[in-house]
Amino acid sequence: MAGFPHEHLIDFSDYSADDIMLLLETAYKFKEVNERRIKKVPTLKGFTVVNMFNEPSTRTRSSFEIAEKRLSADSLNFGGSSTSTVKGESLVDTVETLCAYKIDLIVVRDKHAGVPRKIADVSGVHVIDAGDGKHQHPTQALLDLYSIWQEKVVAGGMAFDKLKVGIVGDIGHSRVCGSLIPALKIMGCDVTVIAPPTLMPARPDVLGADRATSDLDAALPELDVVYMLRIQRERLEGAPFPSLREYNQLFGLTQERDALMRPDACVCHPGPINRGVELDSFMADHPKRSIILDQVYAGVLVRMAALYLLLGGASDGLDA
Ligand code: CP
C-alpha cells in the first residue's frame with residue numbers, strides 16, 4: 001500500500017475518513033504490543049522525537065513518552081521554564097537549534113494557538129500538535145474516536161454514521177472541541193454541543209456541530225455518547241456562570257441524570273476531571289457507562305500509531 005499521505009498531525013482539515021480509520025486500525029494493532037510482558041518493539045529505532053511541552057500536561061506528555069519508548073524511538077523532553085526561551089530566544093531560533101541535531105519529529109504543546117503550524121512551516125520535520133491554546137488537540141480526538149469505536153462500533157454493533165454524540169460544557173474555550181467535532185463529522189456522527197450561553201461560541205455552527213442547545217436534560221435521552229468537557233478555569237475570563245455549584249446543577253452529569261440517559265449510553269471525558277463540577281464520582285467511575293480510563297489507555301495506542309504512520313510506516317507492513 002502507499003505510505004500515509006500526511007506529513008503532520010496538526011488538524012483534520014485534509015484528513016479523510018479512510019485516513020482516520022487507518023490511524024484507528026493501526027492503533028488497534030499496537031494494542032497487542034501493549035499487552036505483552038515485554039512492551040517494546042524496534043519499529044522506530046534510529047528515529048529521534050522531541051517532546052516540546054511549553055504548557056502543563058499529565059496524560060498527553062506521559063503517553064507520548066511511553067509510546068516513543070515502546071516503539072524504541074530516541075526521545076528528548078524539552079520545554080517550559082528550563083529552556084533559553086526565558087533568555088529571549090525566539091520560537092523559530094529554538095526550533096532551528098533542535099533541528100540542527102537531525103531530529104525527525106516534534107511533538108508540541110503550547111499555550112499559543114498556531115505554534116504547531118509555525119513549527120511545521122519553518123522546521124522541515126514532522127509535527128504533531130499536542131494541544132495549542134484554544135485551537136486544536138488532534139491526538140485527543142483520535143483517542144476519543146478510538147474509545148468510541150471500540151465501545152459503540154466494535155462491541156456495540158453500531159455504525160459511526162448512526163452515532164449521536166453530545167459534547168457538554170465549556171465549548172467556547174475547548175481545543176478538544178476544535179479537533180473532536182471535525183473528526184466526528186468526518187466519520188459521519190451526529191454532533192450536538194450543549195453549554196450555557198456564556199460558554200457557547202457566538203457562532204457554534206462554525207465548529208461544524210449539527211446543533212447547539214443549552215438544555216442538557218432535553219438532549220440527554222437521545223445521546224449514545226455523552227462527552228463531558230473540563231471547565232477550563234485557567235482560561236475563563238470574568239464570571240461565565242454564578243457558581244460551580246450552579247454549573248453542576250444545570251450542566252453536570254450527576255447521578256440524578258442517569259435516569260435520563262439511554263441504558264447503553266457511555267460517558268467520556270478528556271481529563272483532568274473536576275469531580276463534582278462537570279461530573280460526579282458516580283458517573284466518572286460508573287462501571288458500565290464510564291470509558292474514561294479506556295480513553296487514557298487509548299492515548300498510548302493512537303500516539304504509537306500517529307508516530308509510526310507519520311514516520312513512514314505502512315499499516316500492512318507493521319512488524320509489531
Ligand atoms: N486531556 C489532556 O490533554 O490532558 P493533559 O493536559 O493532562 O495532557
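Checking Ala120 against (1) modelled with pLDDT of 95 or more; (2) farther than 23 Å from Ser174 by Cα; (3) in a helix (DSSP H, G or I): exactly one of these is not met. Which one? (2) is the only condition that Ala120 fails.
Can you name the residue in the range 51-95 that is assigned to a strand (DSSP E or B) and of a type in the set (Phe, Trp, Tyr) and is also farthest from the ligand (Cβ to nearest atom) among such residues?
Step one: list which residues in the range 51-95 are assigned to a strand (DSSP E or B), which gives 51-53, 74-78.
Subsequent filtering for residues that are of a type in the set (Phe, Trp, Tyr) retains 53, 78.
Numbers: Phe53: 9, Phe78: 16 Å.
So, considering only residues that are assigned to a strand (DSSP E or B) and of a type in the set (Phe, Trp, Tyr), the one farthest from the ligand (Cβ to nearest atom) is Phe78.
May I ask you to list the residues in the range 196-218 that are touching a Lys or Arg at 6+ places or on another chain (Cβ under 9 Å) and buried (at least 18 other Cβ atoms within 10 Å of the Cβ)? Once the filter is applied, which keeps residues that are touching a Lys or Arg at 6+ places or on another chain (Cβ under 9 Å) and buried (at least 18 other Cβ atoms within 10 Å of the Cβ), the range 196-218 yields Pro204, Ala209, Leu216. Output the number of residues of the range 282-320 satisfying the condition of being out of contact with any helix residue (DSSP H, G or I) (no Cβ under 9 Å at 6 or more places or on another chain) and modelled with pLDDT of 95 or more. Number of matching residues: 5.
Please go through the range 117-140 and pick out each residue that is farther than 19 Å from Glu68 by Cα and either free of Cβ contacts under 8 Å to residues at least 12 places away in the same chain or surrounded by 24 or more Cβ atoms within 10 Å (Cβ to Cβ) (or both). Once the filter is applied, which keeps residues that are farther than 19 Å from Glu68 by Cα and either free of Cβ contacts under 8 Å to residues at least 12 places away in the same chain or surrounded by 24 or more Cβ atoms within 10 Å (Cβ to Cβ) (or both), the range 117-140 yields Ile119, Asp121, Asp132, Gln136. Checked against (1) within 15 Å of the ligand (Cβ to nearest atom); (2) of a type in the set (Lys, Arg); (3) buried (at least 17 other Cβ atoms within 10 Å of the Cβ), Lys111 passes all but a single condition, namely (3). Out of all the residues in the range 123-144, which are more than 9 Å from the chain's Cα centre (by Cα), under 19 Å from Thr26 (Cβ atoms) and within 16 Å of the ligand (Cβ to nearest atom)? Within the range 123-144, Ile128, Asp129 meet the criteria.
Could you list, in sequence order, the residues of the range 1-43 that are of a type in the set (Gly, Ala, Ser) and touching a helix residue (DSSP H, G or I) at 6+ places or on another chain (Cβ under 6 Å)?
Taking the range 1-43 first, the residues of a type in the set (Gly, Ala, Ser) are 2-3, 13, 16-17, 27.
Ala17, Ala27 - these are the residues of the range 1-43 that are of a type in the set (Gly, Ala, Ser) and touching a helix residue (DSSP H, G or I) at 6+ places or on another chain (Cβ under 6 Å).
Any chance the range 18-41 includes a residue that's within 16 Å of Leu311 (Cβ to Cβ) and within 16 Å of the ligand (Cβ to nearest atom)? Within the range 18-41, none of the residues are within 16 Å of Leu311 (Cβ to Cβ) and within 16 Å of the ligand (Cβ to nearest atom). Put simply, of Leu199, Leu220, Leu244, Leu229 the only residue that is within 16 Å of the ligand (Cβ to nearest atom) and under 22 Å from Ala284 (Cβ atoms) is Leu229. Within the range 23-36, can one find any residue that is exposed (fewer than 12 other Cβ atoms within 10 Å of the Cβ) and either on the phi > 0 side of the Ramachandran plot or assigned to a loop (DSSP other than H, G, I, E, B) (or both)? Scanning the range 23-36, I find at least one residue that is exposed (fewer than 12 other Cβ atoms within 10 Å of the Cβ) and either on the phi > 0 side of the Ramachandran plot or assigned to a loop (DSSP other than H, G, I, E, B) (or both), so the answer is yes.
The values are calculated or read from the model by the stated rules, or taken from the named source; none is laboratory data. The structure displayed is predicted, hence computed values, not measured ones. Glycine gets a Cβ as well: all are built from the backbone with ideal geometry, and neighbour counts include every protein chain shown.
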